[in-house]
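Asker: One structure, as structure tokens, below. Some questions next.
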Amino acid sequence: MIVQSSIRITTMLTERRLYVGPSLRRLRRDLGLTQADMAADLEVSASYVALLERNHRPLSAEMLLRLAQTYKLDMSTLAGAGAANETARLQAVLKDPMFADIDLPSLETADMASNFPGVTEALLRLYTTYQEEQLALADRGAERFEAGDQADVTDPVAESRRFLAARRNSFPGLDDAAERLAQAVSGHDSLSGYLKARHGLRARRLPSSVMVGSVRRLDRHRKEILLDDGLDAASQSFQLALQLAYLELRAEIDAELEGGSFASESGERLTRRALASYAAAAILMPYSTFARAVEARHYDVEALARQFGASFEQTAHRLTTLQKPGQERVPFFFIRVDPAGNVSKRLDGAGFPFARHGGGCPLWSVHQAFTTPRQIVTQWLELPDGQRFFSIARTVTAGGGGFGAPRVERAIALGCAAEHAGRLIYTRDRPGLGAEAATPIGVTCRLCHRTECTARSAPPIGRQILSDDVRRTGAPFGFSDT
């Protein structure tokens, strides 16, 4: 295998000139070496290393092999395999409508990512920051409308949601690291077996009364991970994976956080929790394996949950993260609400215009899912601007685990744009469901101008309400045409 890999890469180097300056510089710094140190290791001059790092010389096949052997590297790391991921990320960003009038050939994009990785990374960071600022402006506008100029108090939940939304809830670096960790775990009988072998930590399950409100606790003194024995199997596995993420993926989580801008410590902590949970799900449902499975099972959430030993909610949540550049799957949005309509989780990878503040549309089936517990409800949706989506909704339960133990019932909805709905098992052999049967909904009543909606709870912004002394409409409000 090593010989075949060497032949392939040597052939590749003879076909094109490969410049790896920034990658070589990062490698040298990561190893704590000076240019003179690396030159001595490779038996070349320091000036030659400097020329390679400044992209004034291409990397030869001989030098690539020498680097791989000296520093025990995968040759593809320096041979350009990493640039494919950066190219895909850059191409995804350049699809933004703001760049529509610029001619951006794919070949130029690939050259940019390969030969100027530092500039590429700078552009990607700038675009992500721009996305965060756009979302922040939208939030501040809604806050000022509802609370005037007094709404300057930082909202840590909104901060965390903006961070995730700006990145479409996709963190390829975490996915890659978690996938490597999942492979290491697979060499043991279980997560608990890996934690015992690698960290000397024993998983121990204790009654809720002993856990005193905790579902998981790391006892470093006794070298134990304590779990509430009321947790079901999927939740126990997730908590062990979460603890493993904190133990071994902290550097990767920190690296993702460095790209964010937080006005409050609470906002950063919430985001750290979200990234750790993301990593835990990626350990249980590794990207490559999970991405293949979703296509094979046509996005059947219940079947996928059984295959990976996860809960319905964990699996639905993981489906929103499958946007790794070059390996994208159906982009989904996700929302979780309680019976009162409060939103406790919201993720958007499909361009769904969630209400930033206030309640959602009561015509959306996620709010009626409580009447049919544990049953999947499907629905086609049409927004006032004509956008169409398809969603599934189902209730999920948190807590419980014993008689008298408190339970929390919530409903979750998972949806995608109508153009992708045909890939989902839920739309197959259902001729009654289609664009013509879409339920007309709005983002929220204050932003919806469907004048004849009988479910309306508030008038839309900017519409003049008619008096009802002469005529009363079937809808809660009548509106002037002007």
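Asker: Between the stretch 237-262 and the stretch 378-454, what is the C-alpha centre distance in whole Å?
Answerer: 31
Asker: Kindly provide the chymotrypsin sites (Phe, Trp or Tyr not before Pro) of the stretch 183-292 that DSSP labels as loop, not H, G, I, E or B, and whose Cβ sees at most 12 other Cβ atoms within 10 Å.
Answerer: Passing sites in the stretch 183-292 do not exist.
Asker: Moving on. If you take the beta carbon distance between SER186 and SER457 as r and set R0 to 56 Å, what does 1/(1 + (r/R0)^6) give as a FRET efficiency, to the nearest 0.05?
Answerer: So the FRET efficiency works out to roughly 0.65.
Asker: Given 0.36 nm per residue, what is the gain on full extension from ARG428 to GLN307 after removing their alpha carbon distance, in nm?
Answerer: Working it through step by step, the gained length comes to 41.4 nm.
Asker: Using 0.36 nm per residue of separation minus the Cα-Cα distance, give me the extension gain between LEU257 and GLN368 in nm, one decimal.
Answerer: Answer, rounded to one decimal: 36.3 nm.
Asker: Could I have the simple spin-label model distance between THR129 and HIS221, label points 7 Å from Cα toward Cβ, reported in nm to one decimal?
Answerer: Calculated label separation equals 4.6 nm.
Asker: Using the crude model of +1 on Lys and Arg Cβ and -1 on Asp and Glu Cβ, and no other charge, please compute the dipole size for the stretch 331-443 relative to its Cα centre, in debye to 20.
Answerer: 400
Asker: Another question, if that's okay. For the stretch 154-329, what relative contact order do you get, as a whole percent, if you take Cα pairs closer than 8 Å and at least 6 residues apart?
Answerer: Averaging sequence separation for qualifying contacts and normalising by length gives 29 percent for the stretch 154-329.
Asker: Next question, about the same structure. In terms of Cα to Cα distance under 29 Å, which lysines are near enough to LYS324, apart from those fewer than 8 places away along the same chain?
Answerer: Candidates past the 8-residue exclusion: LYS72, LYS95, LYS345.
Asker: What is the spread of the Cα atoms of the stretch 378-461 along each of their three principal axes, largest first, in whole Å?
Answerer: For the stretch 378-461, the Cα spread along each principal axis is 47, 38, 17 Å.
Asker: Here's another thing I want to ask about it. Work out, step by step, the length gained on full extension between ALA296 and ARG205: first 0.36 nm times the residue separation, then minus their alpha carbon distance; give nm to one decimal.
Answerer: Gain in length upon complete extension: 29.2 nm.
Asker: To the nearest 0.05, what FRET efficiency results for SER264 and LEU107 with a Förster distance of 41 Å applied to their C-beta separation?
Answerer: E between SER264 and LEU107, to the nearest 0.05, is 0.40.
We did not get these values from a lab; they are worked out from the coordinates using the rules stated. The structure displayed is predicted, hence computed values, not measured ones. Methodologically, a virtual Cβ is constructed for each residue, glycine included, from the backbone with ideal geometry; neighbour enumeration extends over all protein chains shown.
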